[in-house]
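Have a look at the structure below, then the notes.
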Amino acid sequence: MNNTPQKDLTLDPENWDQMRALGHQMIDDLFDYWQSIRDQKIWKPMPDEVKEFLNQPIPEKGQDPQEVYEEFKKNIFQYNKGNVHPRFFAWIQGTGTPMGVLADLLASGMNPNTTIGEHSAMYVDRQVVNWCKEMMNFPAEASGILVSGGSMANITALTVARNSFGEEKIRSRGLKAASAQLVLYCSVETHSCIQKAAEIIGLGTDAVRKIGVNEFYEMNVEDLEIQIQKDKASGLLPFAVVGTSGTVNTGAIDPLDDLLEISRKYGLWFHVDGAYGALAKLDPVYSERLKAIEEADSLAFDLHKWLYVPYEVGCTLIRDAKKHREAFAITPNYLLQESRGLSGGLESINNYGFELSRGFKALKIWMSLKEHGREKYAQMIAQNSRQAEYLASLVESHPNLELMAPVSMSITCFRMVKPGLSENQLRDLNREILLRLQEEGIASPSSTILNGKYTLRVANVNQRTRMGDMDLLVREVIRIGEGIGVS
Ligand SMILES: *Cc1c(COP(=O)(O)O)cnc(C)c1O
């Protein structure tokens, strides 16, 4: 036996003053980064030695915190994705804000597991969900939950839809309780996460009917109704319609009023995937067209996209709170609630979703909405859509540019054209333009294929973009495109 007293171990810093100074330095470096972001390259390729550095075995021994931070700056910080930059337009990715980041720091510092218990984070979480209902004009009695993002928000809603189906008791007996195959309807433009969700909740890919779209990439309502009738006639069980508010390809809005009406007519659950574009409701130009969202049985939307909040956070709203609870509530012995003390307070959030442990992601939304107010967000969202429309006008007034889809919300799809080029040559030309835009660190659009044609895609949920960035983008596309010889 060794009788010398053991030193108690801890992960707190050996030198608090040093760690505090390091923390201040990190904040200063972040502020320098944000304040100069416009003058920096949006993206740069990662050198091989950096990739090599990031492919080492687990460290056995610790090293000095300052040294760890220097390694971060040298190998990680510099090679960021770029969606904090004013000309990031790839996929649909939000910018974040300084206040959102600082809120995340505070949330992480408090580190409450925001699932259960009597403590402030539970009340902030509830308040933010209530604010989400207010933004979407959902009834106050509706329920909701903050989750990691749109994919999780969609599968959460579709799980409630499935478990609420008829008298089948699918939650307890599984899908075999249904007398026939449950069928879900969406469009060919619907985000892939809906199909994944359908696969995971046991419907299977074959039960997802992808209805065709019109020239505006909006679901064909007639085709939807015909398909529902056909499925009913062959003994299947239509159960849910998914409409999209802002498709990921072109920002298209499905005819939500019609989808709502058809859902009611056939007794189907009406879900809206508004991951990207539900928040366009705040823009007066779109609020009428998105009115049916208020009547939906469920809605999924992201706050890390068009509310510009740092990753990750999305929200599910369910009109019928009882159905929501019945789909998920379960109380094991180790999660009993009391009427007093730390286990008192609000109901466990786990009764409304799958995830048990949850971070304090509500705080960044709470602080951001308080910092700017709903009106400012409405203006920001409108600004992005006006920027997209302005870009389209620049495209249409240039003889060598072609608009590839009607502009909806804040997505502009276009390409460069040159006389006499084949479709394949146009694809190669525009792909090369895209890659050089990125590699020269100028701007980051992404690409898609519309009606078989390769197109540049500019999706703007960027709080740092200015109108002038659109002029610059067009100028650079032309400059680069003119310099590319086509073979
Ligand atoms: C982004 C998006 C999703 C997926 O959301 P994540 O937050 O990336 O999980 C789903 N649907 C639409 C329409 C989207 O734009």
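The values are calculated or read from the model by the stated rules, or taken from the named source; none is laboratory data. Because the structure is predicted, anything quoted here is derived from the model rather than measured. Quick reminder, even Gly has a Cβ in these numbers, built from the backbone with ideal geometry, and neighbours come from all protein chains shown.
Structure summary
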{"item": "Check on GLU167, under 20 Å from ALA300 (Cα atoms) and among the acidic types (Asp, Glu)", "result": "no"}
{"item": "Segment 400-427: number of residues that are part of a strand (DSSP E or B) and over 29 Å from ALA275 (Cα atoms)", "result": "2"}
{"item": "Lone unmet requirement of (1) more than 16 Å from the ligand (Cβ to nearest atom); (2) at pLDDT 95 or above; (3) outside any loop (DSSP other than H, G, I, E, B); (4) touching a helix residue (DSSP H, G or I) at 6+ places or on another chain (Cβ under 7 Å) for LEU146", "result": "(1)"}
{"item": "Qualifying residue in segment 172-189 (condition: outside any strand (DSSP E or B), within 16 Å of the ligand (Cβ to nearest atom), over 17 Å from the mean Cα position of the chain (by Cα) and farther than 23 Å from ILE226 by Cα)", "result": "no"}
{"item": "LYS232 being away from the ligand (no atom under 16 Å from the Cβ) and touching a residue at least 12 places away in the same chain (Cβ under 8 Å)", "result": "yes"}
{"item": "Tally, over segment 428-461, of residues that are assigned to a loop (DSSP other than H, G, I, E, B) and under 23 Å from the mean Cα position of the chain (by Cα)", "result": "3"}
{"item": "Breaking point among (1) part of a helix (DSSP H, G or I); (2) in contact with a Pro (Cβ under 8 Å, 6 or more places away or on another chain); (3) farther than 30 Å from LEU437 by Cβ, for ASP28", "result": "(2)"}
{"item": "Scope segment 120-136; condition away from the ligand (no atom under 16 Å from the Cβ) and within 20 Å of the chain's Cα centre (by Cα); matching residues", "result": "ASP125, VAL128, VAL129, ASN130, TRP131, LYS133, GLU134, MET135"}
{"item": "From HIS304, HIS372, residue being more than 19 Å from CYS186 (Cβ to Cβ), in a loop (DSSP other than H, G, I, E, B) and either within 16 Å of the ligand (Cβ to nearest atom) or modelled with pLDDT of 95 or more (or both)", "result": "HIS304"}
{"item": "Qualifying residue in segment 90-110 (condition: part of a helix (DSSP H, G or I), under 29 Å from ALA362 (Cα atoms), within 16 Å of the ligand (Cβ to nearest atom) and in contact (Cβ under 8 Å) with a residue 24 or more places away in the chain)", "result": "yes"}
{"item": "Selected residue [surrounded by 14 or more Cβ atoms within 10 Å (Cβ to Cβ), among the charged types (D, E, K, R) and at pLDDT below 95] from GLU168, GLU225", "result": "GLU168"}
{"item": "Pairs with Cβ under 7 Å, 6+ apart, first in segment 291-307 and in the same structural domain as TRP131 (by TED's automatic domain parsing) and more than 15 Å from ILE145 (Cβ to Cβ), second more than 13 Å from the ligand (Cβ to nearest atom) and of a type in the set (S, T, N, Q)", "result": "GLU294/ASN137"}
{"item": "Test for HIS324: is it within 12 Å of the ligand (Cβ to nearest atom) and buried (at least 24 other Cβ atoms within 10 Å of the Cβ)", "result": "no"}
{"item": "Subset of segment 256-288 [away from the ligand (no atom under 16 Å from the Cβ), within 29 Å of MET404 (Cα to Cα) and assigned to a loop (DSSP other than H, G, I, E, B)]", "result": "ASP283, GLU288"}
{"item": "Residue pairs meeting the criteria (Cβ under 8 Å; at least 6 apart or on separate chains; first not assigned by TED's automatic domain parsing to the domain that holds GLN379, in segment 395-417; second of a type in the set (A, V, I, L, M, F, W, C))", "result": "none"}
{"item": "From the options SER348, SER343, residue that is closer than 30 Å to LEU102 by Cα and crowded, with 17+ Cβ neighbours inside 10 Å", "result": "SER348"}
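Here's the yes/no breakdown for (1) in a helix (DSSP H, G or I); (2) assigned by TED's automatic domain parsing to the domain that holds ASN351; (3) among the basic types (Lys, Arg):
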residue: GLU118; (1), (2), (3): no, yes, no
residue: ALA121; (1), (2), (3): yes, yes, no
residue: ASP125; (1), (2), (3): yes, yes, no
residue: VAL128; (1), (2), (3): yes, yes, no
residue: LYS133; (1), (2), (3): yes, yes, yes
residue: PHE138; (1), (2), (3): no, yes, no
residue: GLU141; (1), (2), (3): no, yes, no
residue: MET152; (1), (2), (3): yes, yes, no
residue: ALA157; (1), (2), (3): yes, yes, no
